[in-house]
1. Accessible area per residue for the chain in Å², computed with a 1.4 Å probe and the full protein assembly in place, what is it?
2. Each residue of segment 384-399 in order: what ³J(HN,Hα) in whole Hz does its phi give by Karplus 6.51 cos²θ - 1.76 cosθ + 1.60, θ = phi - 60°, with x for Gly and Pro?
3. Which one of L457, Y251, I217 has its Cα pushed farthest toward the positive end of the charge dipole of the chain, where Lys and Arg give +1 and Asp and Glu give -1 at the Cβ?
4. Could you go through segment 203-211 in sequence order and give the Karplus-derived ³J(HN,Hα) for each residue, using 6.51 cos²θ - 1.76 cosθ + 1.60 with θ = phi - 60°, rounded to whole Hz, and x for Gly and Pro?
5. Rg/Rh for the chain: what does it come to with C-alpha atoms and Rh from Kirkwood?
6. How much accessible area does R452 have with a 1.4 Å probe, in Å² rounded to the nearest 10?
7. Just need the relative contact order of the chain here, percent rounded to a whole number, with Cα pairs under 8 Å and 6+ apart.
8. Sum up the lysine pairs in segment 286-455 that clear both bars: alpha-carbon distance under 20 Å and a spacing of 8 or more or different chains.
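The values are calculated or read from the model by the stated rules, or taken from the named source; none is laboratory data. Note that the coordinates shown come from a computational prediction; the quantities given were computed from them, not determined experimentally. Neighbour counts are summed over all protein chains in view; Cβ atoms, including those assigned to glycine, are modelled from backbone coordinates with ideal geometry. Calculation scope for accessible area: heavy atoms of the full protein, side chains included, ligands and nucleic acids excluded. Shrake-Rupley method; radii C 1.70, N 1.55, O 1.52, S 1.80 Å.
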Amino acid sequence: MAKAKNNTIFFCQNCGYESAKWMGQCPGCREWNTFVEETAVTGQGKSKGNSIGRSQNMQSKPTVLAEISLQEEDRITTKIKELDRVLGGGIVTGSLTLVGGDPGIGKSTLLLQVCRNLALAGREVLYVSGEESLKQIKLRANRIGEFNEHLKLLCETSLQSIEETIRRSKPEVVIIDSIQTMYHEEVSSAPGSVSQVREATSVLLQLAKGLNVSVFIVGHVTKEGTVAGPRVLEHMVDTVLYFEGDRNASYRVLRGVKNRFGSTNEIGVFEMAATGLREVENPSEFMLNGKPEDASGSVVVCSMEGTRPILIEIQALVCHSNFGIPRRQTIGTDFNRVNLLMAVLEKRLGLQIGNCDAYVNIAGGIKIQEPAIDLGIAMAIVSSYKNRAIDSGVIAIGEVGLSGEVRAVSQIQGRVQEAKKLGFTTCIIPSVCMDSVKEMKGIKIIGVGNVREAMDLI
Ligand code: TYD
Ligand code: MG
C-alpha cells in the first residue's frame, strides 16, 4: 500500500499542475475539483525529450546559426485562405499544431478538408482517428467532396503503432484526432489523463521534428475535467489554434493563440454548411446580417482582428431593476469592462444607471477583447437607457478611459476604410486620431474628446 502511494501523483486535469497530495483548488489555474490521481511516469517510460530538430541517428553537436539553411518552400498551403492566414501563411513543415475546441464545433471537418486539399495537391496525408470508425469518416468525407488516393486513413489509438506507421509510410502531414483518445503502453494511466496526453504529445513532437512531418493534434476542451484539457500541452506545441463559435449559430471563428511562426492575433471565419466548412471572405457583412433598423441600444463598432478590421454590432439592454442588486450580464465581451464603463457613464454623465439591470451582447456570438469597442458599448448603453435609437449609418470607434476621455486606437485608417466599404455614412472616432484620417473622402468623420461629446451626438 505504502509502496503504491510513492508512485502516484496528482495532476490538475485542466492545466497539468502536479502535486504530491490531493487539493480542492488548483493553485495553478484556480479551478476547483480538478485533481486526479495518476501513476507517475517511470524512467524508462519517459520519452527522451532531447532529440528535437535532428533525425534519429544524427549525433548531437553545436551548429553555427549562419550555417542553418531555410528553404523557401518551407510552408505548405492548405488552399483554405482563412486557415493559412491564421497559421501565418501555411503549414510549416515539421511543426506541431494543436487545434482545440468544444466537441462538435467542427475540428474534424476542418482537418478533413485540409487533408482533401493537400491530397489533391499530391501530398501524402495520414489521418489518424481514435474516435470514429472508417465508415463514419467516409460519411463525413462524402459531404465534403471527392478524395483521392493520397489520403490514407488509420483507426488506431496506440501510439506505438501510429509511430510505426508514420515511420514506415512517411507522410508529409499527419492528423491526430484526438489526442485524448491516444495511449502509450508504457504509461499506465487511462487515455485522456494528463500523463497520457503529455507523453503522447512528446512522442508526436519528436516524430514531427525528427522526420520533418507536420502534425495536427485535435484536442477537446472540457469543462468537467474528465479528460485533460488542451491547455496541458499548449507549451509543448508550436502553434495553438482554438475553434470557437456558438454551436447553434452557423459561423465558426478560428483563433490563433500561440504561433511560433507568425502573428497570434489573426482569426479565420468559417460558416458551417451542409457540405462542410465554407470560408467567409467578408466577415463584416456576415456579422451585421440581421441588424435591426432604428432600434435603441444597437451600435456598430469596428474591431481589429489581426490585420483585418471586422464590423460587429453591439446590443445593450438597460432597464430598471426589481432587485436590490442589479443584474448585469455580458455575452462576447468582458463583464468587468462593462461594469467599469457603466460606472464611468454614471460618474461623468450623471446618468442614474447604477441601479439598472444591464445586458450587453455582441451579436453573432463572436468574442471581442479589444478596448477599441469601449465607445460603442458606452453608446449602446446610453442609447438603450434613453430609449433613443442611433442612426444606422453610424459607427463608433474608441477606447474609453476612467475620466471619460476617448483615447486613441491603432490602425484607424483601416477601420474607417472598412466602414466606408460597407456603406456607413458617419464615423465617430477619438479626436486625437483626426489627423490620420483627414484625407479620407466619402464618409463623414466626427472626432470626440470624451464620452459627453459622443453622447451629445445620439
Ligand atoms: P465535427 O467536425 O465532427 O466536430 P468536432 O470534430 O469538433 O467534434 O463537426 C460536427 C458538426 O458539424 C456536426 O454537428 C455536424 C456538422 N456538420 C455540418 O453541419 N456539415 C457538414 O458538412 C459536416 C461534415 C458536419
Ligand atoms: Mg471530431
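1. Values: 21980 Å² over 458 residues.
Value returned for the chain: 48 Å² of accessible area per residue.
2. So the J values, rounded to whole Hz, are 6, 4, 8, 6, 10, 6, 8, 3, 6, x, 9, 10, 10, 9, x, 9.
3. It is I217.
4. 5, 5, 4, 5, 5, 4, 6, x, 9
5. Values: Rg = 25.5 Å, Rh = 24.7 Å.
Across the chain, the Cα-based Rg/Rh ratio is 1.03.
6. Accessible area, nearest 10 Å²: 120 Å².
7. Here the relative contact order equals 12 percent.
8. 11
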